[in-house]
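Undergrad: Take this structure, written in structure tokens, and hold onto it; I'll ask about it next.
The values are calculated or read from the model by the stated rules, or taken from the named source; none is laboratory data. The structure displayed is predicted, hence computed values, not measured ones. Note that we place each Cβ from the backbone using ideal geometry, even for glycine, and neighbour counts take in every protein chain shown.
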């Protein structure tokens, strides 16, 4: 698929390659995060309707636009990171980290972040969309955009490290993309989601430490 997009693995990328990589990440992030954004969007629309305000659809659209802006920005950063890895010959043809040490480091960083207070704070906001709306409500369309950006930032704070794991398992590995999407939903809305996230973080740290060891055998 990447070859069809003109992204040969042994040649420097062109501007078109970078753009297509960004587009790939943007589409993938929208697909992965749409499910976790749906509850807060529905609650936001219901809150507007109960307040009897006009332009509910436009307000919801502005909220979604703010949320989307955050993840499109992340997609740009991910595309630049992939470009940098490619230029340093640190990605395999399957778009995974070619070095077990790099792959292990990504897993350790992602797992360690799962255990931090910043992750916990962002996850709390994502697991309680009603609480977020009550404490961050802004009126008018600009306020809806600001709320969308803020909630998107909390969502990014929850998931950016998990998205980085794609550089270990394969950026275009659809099975892992689906698995990470399911994990994000479980962590945000499942019972004991915070505990699941911490357990997964500890497992990733251990896997990241052991990966270079097993790679020698």
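Undergrad: Has region 146-167 got any residue that is in contact with a helix residue (DSSP H, G or I) (Cβ under 9 Å, 6 or more places away or on another chain), over 27 Å from residue 58 (Cβ atoms) and not in a helix (DSSP H, G or I)?
TA: yes
Undergrad: Output the number of residues of region 118-132 satisfying the condition of being touching a residue at least 60 places away in the same chain (Cβ under 8 Å) and buried (at least 17 other Cβ atoms within 10 Å of the Cβ).
TA: Total meeting the criteria: 6.
Undergrad: A further question on this structure: Return yes or no: is residue 61 part of a helix (DSSP H, G or I), under 25 Å from residue 26 (Cβ atoms) and over 18 Å from the mean Cα position of the chain (by Cα)? Lay out the reasoning, then the answer.
TA: Working: part of a helix (DSSP H, G or I): yes; under 25 Å from residue 26 (Cβ atoms): yes; over 18 Å from the mean Cα position of the chain (by Cα): yes.
Yes; evaluated as a whole, the condition is true for this residue.
Undergrad: Let me ask another. Answer yes or no as to whether residue 95 is touching a residue at least 60 places away in the same chain (Cβ under 8 Å) and either more than 30 Å from residue 170 (Cβ to Cβ) or in a helix (DSSP H, G or I) (or both).
TA: Here the answer is no, as residue 95 does not meet what is asked.
Undergrad: Let me ask another. Look at residue 108 and say whether it is under 30 Å from residue 140 (Cβ atoms) and surrounded by 15 or more Cβ atoms within 10 Å (Cβ to Cβ).
TA: On the way: under 30 Å from residue 140 (Cβ atoms): no; surrounded by 15 or more Cβ atoms within 10 Å (Cβ to Cβ): yes.
Criteria not met by residue 108.
Undergrad: Something else about it: So residue 211 clears everything in (1) surrounded by fewer than 17 Cβ atoms within 10 Å (Cβ to Cβ); (2) over 25 Å from residue 67 (Cα atoms); (3) modelled with pLDDT under 95; (4) in contact with a helix residue (DSSP H, G or I) (Cβ under 7 Å, 6 or more places away or on another chain) except one condition, right? Which one?
TA: Here residue 211 meets the rest and fails (1).
Undergrad: Are there any pairs with C-beta distances below 9 angstrom linking a residue in region 149-163 that is without any contact (Cβ under 8 Å) to a residue 40 or more places away in the chain and on the phi < 0 side of the Ramachandran plot to a residue that is in a helix (DSSP H, G or I) and surrounded by fewer than 18 Cβ atoms within 10 Å (Cβ to Cβ), with the two at least 6 apart or on different chains, and if so which?
TA: Within 9 Å, the pairs are 154/121; 154/124; 157/118; 157/121.
Undergrad: Identify the single condition in (1) on the phi > 0 side of the Ramachandran plot; (2) within 18 Å of the chain's Cα centre (by Cα) that residue 89 does not satisfy, given that it satisfies every other one.
TA: All conditions are met except number (2).
Undergrad: I'm told residue 82 meets every condition in (1) surrounded by 21 or more Cβ atoms within 10 Å (Cβ to Cβ); (2) on the phi > 0 side of the Ramachandran plot except one. Can you identify the failing condition by its number?
TA: Just one mismatch for residue 82, condition (2).
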